[in-house]
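Undergrad: One structure follows; several queries about it will come next.
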């Protein structure tokens, strides 16, 4: 991957999702809320549940910081939730 390709990709993503620093701030705040809630309730999640939540929070961060009308972010949220729900119902993907 060339420097030009990386720069072009970062520029495109920035236009879609907003500045990375803003996205990171929002996403880390959301993850802190979830981690605090789990810790206060003495709960741990299965790895797939934690990863799905992390990815959902990542996508929410992109929606809040960037383009809320980009349907792919919403579809991804549903997809991560579906993966966990399927596994809980005995279907692993």
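What follows is calculated from the coordinates using simple rules that are stated; it is not laboratory data. Since this is a predicted model, take the numbers as computed values, not measurements. Here Cβ is always computed from backbone atoms with ideal geometry, including for glycine, and neighbour counts include all displayed protein chains.
Undergrad: Against the conditions (1) in contact with a helix residue (DSSP H, G or I) (Cβ under 8 Å, 6 or more places away or on another chain); (2) exposed (fewer than 10 other Cβ atoms within 10 Å of the Cβ), where does residue 24 fall short? Just the number, please.
TA: (2)
Undergrad: Could you check segment 36-93 and list, in sequence order, the residues that are assigned to a loop (DSSP other than H, G, I, E, B) and under 27 Å from residue 13 (Cβ atoms)? Before the answer, list the steps.
TA: Start the filter on segment 36-93 by keeping residues that are assigned to a loop (DSSP other than H, G, I, E, B), which leaves 41-46, 66-70, 89-93.
Selection gives 66, 67, 68, 69, 70, 93.
Undergrad: Given the residues 18, 66, which is the only one that is buried (at least 16 other Cβ atoms within 10 Å of the Cβ), closer than 30 Å to residue 86 by Cα, under 18 Å from the mean Cα position of the chain (by Cα) and touching a residue at least 40 places away in the same chain (Cβ under 8 Å)?
TA: Going through 18, 66 in turn, just one is buried (at least 16 other Cβ atoms within 10 Å of the Cβ), closer than 30 Å to residue 86 by Cα, under 18 Å from the mean Cα position of the chain (by Cα) and touching a residue at least 40 places away in the same chain (Cβ under 8 Å): 66.
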